[in-house]
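Beneath this line is the structure, given in structure tokens, with notes to follow.
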Amino acid sequence: VQLQASGGGLVQAGGSLRLSCAASGRTFSSHDMGWFRQAPGKGREFVVVIRLSDGVTYYADSVRGRFTISRDNAKNTVYLQMNSLKPEDTAVYYCAARQSTAGITTNLQRYPYWGQGTLVTVSS
């Protein structure tokens, strides 16, 4: 699976951005797709995950209610709509994928496939 993330940019606090992650491969729907982020000087952290077969999602507390993940299996693409952005959302955002199992995981080490990252900068 190869992943290509896009859509980052500079936005003012309170604004919105939509990130996209396009995946290659014919077994897209059998995977979970997650978004993680890494702020300057910090470790990579979980943001949200979606199970592509049935759309089940799980959000980090810090973004729940502001971010929405969605999928278009026909286009092999996952979207992350980010609203009410805050300066603390500033980070490089990475999409990642793993073969689906019975449960959803937020552990980044369980995701073997990663995109290149896209920078989101939120100004105050």
Completion exercise
With criteria (1) part of a loop (DSSP other than H, G, I, E, B); (2) open to solvent by 60 Å² or more (accessible area, probe 1.4 Å); (3) touching a residue at least 40 places away in the same chain (Cβ under 8 Å), Gly41 comes up short on (3)
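Could you list all residues from region 1-41 that are of a type in the set (S, T, N, Q), under 17 Å from Pro87 (Cα atoms) and touching a Leu at 6+ places or on another chain (Cβ under 9 Å)? So that I can check it myself, show each step before the final result.
Within region 1-41, the first condition is being of a type in the set (S, T, N, Q), and the residues that meet it are 2, 4, 6, 12, 16, 20, 24, 27, 29-30, 38.
Imposing the further condition that a residue be under 17 Å from Pro87 (Cα atoms) reduces the set to 12, 16, 38.
Answer for region 1-41, where residues must be of a type in the set (S, T, N, Q), under 17 Å from Pro87 (Cα atoms) and touching a Leu at 6+ places or on another chain (Cβ under 9 Å): Gln12, Ser16.
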Practice task
State whether the residues of region 59-75 include one that is modelled with pLDDT of 95 or more, under 11 Å from the mean Cα position of the chain (by Cα), open to solvent by 30 Å² or more (accessible area, probe 1.4 Å) and aromatic (Phe, Trp, Tyr).
Solution key: yes
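When you scan region 50-93 for strands (runs of 3 or more DSSP E) that lie fully inside it, which ones turn up with 3 or more residues that are farther than 15 Å from Gly7 by Cα?
Values: elements: 57-59, 67-72, 77-82.
So the answer is 57-59.
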Handout entry: Residue selected from region 15-38 under the condition farther than 16 Å from Ala5 by Cβ and in a loop (DSSP other than H, G, I, E, B), by the criterion least open to solvent (accessible area, probe 1.4 Å)
Key = Gly15
Problem - First in region 106-122 and over 20 Å from Val56 (Cα atoms), second anywhere and assigned to a helix (DSSP H, G or I), Cβ under 6 Å, 6 or more apart - result: Val122/Pro87; Val122/Asp89
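The values are calculated or read from the model by the stated rules, or taken from the named source; none is laboratory data. Treat the numbers as computed from the prediction; the structure is a model and nothing was measured. No Cβ is skipped: glycine too gets one built from the backbone with ideal geometry, and neighbour counts run over all protein chains shown. Heavy atoms of the whole protein, side chains included, go into the accessibility calculation; ligands, DNA and RNA do not. Shrake-Rupley method; radii C 1.70, N 1.55, O 1.52, S 1.80 Å.
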